[in-house]
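This report refers to the structure that appears directly beneath it.
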Amino acid sequence: MIFFNLMSLPVSIIILHYKTPEVLDKCLNSILKYYPQEIGHVLVIDNNSGSDFINNFRAKFSQVRLLASKHNVGFAKGVNWGLENADKEYILSINPDIILEPGNLELMLEFMKARPMAALIGPKLVNPDGSIQYSCRRFMGPLMVLYRRSNLGKISFIRKQIDYFLMKDIDHNQTQEVDWIFGAAMFVRASAIKKIGKLDERFFMYFEDMDWCRRFKQAGFRVYYFPKTSMRHNHMRMSAQAGMFRSILTNKLTRIHIASAIKYFLKWGM
């Protein structure tokens with residue numbers, strides 16, 4: 001294993017936040033607990049959570065850089081704002097519901113330094129009870145959106161297609177190259193970003209992670225699932241709380257998801 005100077009890890013950490021201060025506190029406290037020397041290299045991008053949040057945050061986490069937007073600019077634009085202000089060789093972009101564990105940064109750095117064509121890697125994500133989340137996935141066609149957002153997903157042969165998309169057939173304890181990594185936790189090489197560009201801001205939310213990985217791979221880089229690093233993720237699929245057609249009428253996030261899907265398939269084809 002490569003050993004790094006704990007006072008100067010070449011990593012900037014970006015956390016995009018929107019109105020979940022208690023969740024963000026737990027994320028930042030995990031960084032303070034295991035990587036206190038890195039807290040000055042954390043950038044929290046806040047999507048208009050309000051002045052009370054800003055004041056409370058600065059009182060609690062004075063060492064953390066806070067970039068506060070007056071509007072909710074979405075996931076891609078928010079993360080890009082962080083990328084523009086990051087100054088390290090590698091970037092860890094995480095959602096605020098991620099909890100870091102000891103060794104996370106060192107192991108990912110070791111892996112990336114040994115593989116110069118690795119542009120992006122994703123850790124194993126686990127639920128609070130320790131069960132696995134399927135965070136590495138295969139590229140999909142438009143029917144997969146319908147399958148995952150309707151009762152069609154209960155049909156046996158369609159369920160098998162969904163499981164294949166979620167890569168349930170692989171050994172999730174083995175490091176391997178994959179199509180794309182779920183955007184809740186992405187460890188990225190800054191020099192690769194310079195070559196292919198930041199996240200596509202046409203995607204307000206959803207599909208920007210799949211698009212980014214596809215662009216990295218198109219440019220000859222590699223994307224890996226890296227389960228030697230494990231992070232806890234308190235994840236809830238807020239856009240999928242009802243059936244697809246009912247959700248279109250009642251859930252704004254579902255409408256955003258479908259709009260992003262349309263943009264993605266118009267960009268890349270069916």
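Only the coordinates and a few stated rules stand behind these numbers; no lab work does. Remember, predicted model here, so these are calculated numbers, not experimental data. Note that each Cβ is placed from the backbone with ideal geometry, even for glycine, and that neighbours are counted across all protein chains shown.
Using C-alpha pairs below 8 Å separated by at least 6 residues, the relative contact order for the chain is 23 percent.
For residue 229, the residues whose modelled amide H falls within less than 5 Å of its own, excluding neighbours fewer than 5 places apart on the same chain, are 124.
Cα centroid separation, segment 118-170 to segment 173-239: 15 Å.
Positive-end ranking of 8, 256, 167 along the dipole of the chain, with charges on Cβ about the Cα centre, is headed by 256. Farthest towards the positive end of the charge dipole of segment 186-227, among the residues 220, 197, 207, is the Cα of 220, using unit charges on the Cβ of Lys, Arg, Asp and Glu. Length gained on full extension, residue 87 to residue 175, computed as 0.36 nm times the residue gap minus the Cα-Cα distance: 28.9 nm. Here the relative contact order of segment 1-118, from alpha carbon pairs under 8 Å that lie six or more residues apart, stands at 39 percent. Beta bridges per DSSP, both residues in the chain: antiparallel share near 40 percent.
Highest mobility in the GNM of the chain, judged by mean-square fluctuation with C-alpha springs under 10 Å and restricted to 62, 49, 93, is found for 62.
A simple charge model with +1 on the Cβ of Lys and Arg, -1 on the Cβ of Asp and Glu and nothing else charged puts the dipole of the chain at about 840 debye relative to its Cα centre. Taking amide hydrogens as placed 1.01 Å from N in the peptide plane, the amide H of residue 43 sits under 5 Å from those of 13, 14, 15, each at least 5 positions away in sequence or on another chain. Calculated mean residue ellipticity, 222 nm, the chain: -11500 deg cm²/dmol, from DSSP H runs (n ≥ 4) at -39500 (n - 2.57) each, averaged per residue and rounded to 500.
Rounded to a whole number, what is D in µm²/s for segment 11-268 from Stokes-Einstein with the Kirkwood radius over alpha-carbon pairs (4 °C, 1.567 mPa s)?
The calculation lands on 69 µm²/s.
A simple charge model with +1 on the Cβ of Lys and Arg, -1 on the Cβ of Asp and Glu and nothing else charged puts the dipole of segment 59-156 at about 500 debye relative to its Cα centre. The distance between label points at residue 58 and residue 156 comes to 6.2 nm (points 7 Å beyond Cα on the Cα→Cβ vector).
Treating each Cα of segment 4-133 as an identical point scatterer and summing with the Debye formula, the log10 of I(q)/I(0) at q = 0.11, 0.14, 0.20, 0.22 Å⁻¹ comes to -0.39, -0.63, -1.26, -1.46. Across segment 120-125, computed HN-Hα scalar couplings (Karplus, 6.51 cos²θ - 1.76 cosθ + 1.60, θ = phi - 60°) run 8, 10, x, x, 5, 9 Hz from first to last residue, x flagging Gly and Pro.
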